[in-house]
């Protein structure tokens, strides 16, 4: 007796599994009208009959209706028909099904009653509704309409939505680590923004050229990065930033106006310094996420990755959709960078380089002029 019970359980489990597998493999179905596709999502084939949500198809076929007592009364072009609404005792019939308060109706019934024809395209699991007296493509021509629609739907489904724009930025180059970081960016097809020091640019012209050729944005990070020189006065500050920008223009042919000041803008940049930048058309970026990469050794590079991961997650959860990450052209950063990019891409973040015509205000003063 026990063997019989066990056998019955095994058979029942098999049948349930098979039913689930069958449901999972049910193809996506579509409905078309004349020469267009209809955005109807809930389409079922029940006992060989295609059924759709009644209110959806009624809207697209301009069928008037009212629910009166236990009847669903339909009207179109002066023709009236009536169907019995499902009840608790009889929740379904061959034409109208009540599923959790939503009515599904037979497409064959609709077509027969209101003088439409149906054509099924098995390759695309698509049912076309049409009339001969209404201009429409041949069935062969309509296949192109279906194919285009299906391709677009599948592409939309497969495309992973982007969470937010993320800007990878690197300070203190150019140097040999700039070249290594640039190779990593190229490998992952990841754009970035570099803030170069003018004195370094003079010694690494080939790296400046390769970064520029690969489509990354280059901005000024001052000439010397010497705090005593840069912030000595408003004039000294402007000259340090402006001379660096002039070098970028001379070496790349691009009049790049975005810059990043050494050590961040607050509290070192005075109001007078800010006004001088604004007067001359400059923009200034600080950052949203600090990798703190300069604090770590090569062996501690994983901490840089964790700082970025945690910082980006926090910024995104706070509502930030344009996240600027601060890094530097250093050896430990070259180790962490592949892991950072892989995580950002896997999570659906959209990596971007700075674009002057789409400027994002990212400065500690929240100054919209910068």
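What to note about this one:
- For the stretch 59-118, the strands (runs of 3 or more DSSP E) that sit wholly inside it and include 1 or more residues that are under 19 Å from residue 43 (Cα atoms) and assigned by TED's automatic domain parsing to the domain that holds residue 42 are 96-99, 102-106.
- Number of the exception - residue 237 against (1) in contact (Cβ under 8 Å) with a residue 40 or more places away in the chain; (2) touching a helix residue (DSSP H, G or I) at 6+ places or on another chain (Cβ under 7 Å): (1)
- Inside the stretch 320-366, residues that are out of contact with any strand residue (DSSP E or B) (no Cβ under 8 Å at 6 or more places or on another chain), under 11 Å from residue 166 (Cβ atoms) and in a helix (DSSP H, G or I) make up a count of 2.
- Close pairs from the stretch 114-142: first farther than 26 Å from residue 78 by Cα, partner exposed (fewer than 10 other Cβ atoms within 10 Å of the Cβ), Cβ under 8 Å, at least 6 apart: 125/27
- Hey, residue 23 surrounded by 10 or more Cβ atoms within 10 Å (Cβ to Cβ), modelled with pLDDT under 85 and part of a helix (DSSP H, G or I) or not: no
- For residue 269, the stated conditions hold: it is assigned by TED's automatic domain parsing to the domain that holds residue 353, part of a loop (DSSP other than H, G, I, E, B), at pLDDT 95 or above and surrounded by 14 or more Cβ atoms within 10 Å (Cβ to Cβ).
The values are calculated or read from the model by the stated rules, or taken from the named source; none is laboratory data. Since this is a predicted model, take the numbers as computed values, not measurements. Positions of Cβ are generated from backbone atoms using ideal geometry, with glycine treated the same way; all protein chains shown enter the neighbour counts.
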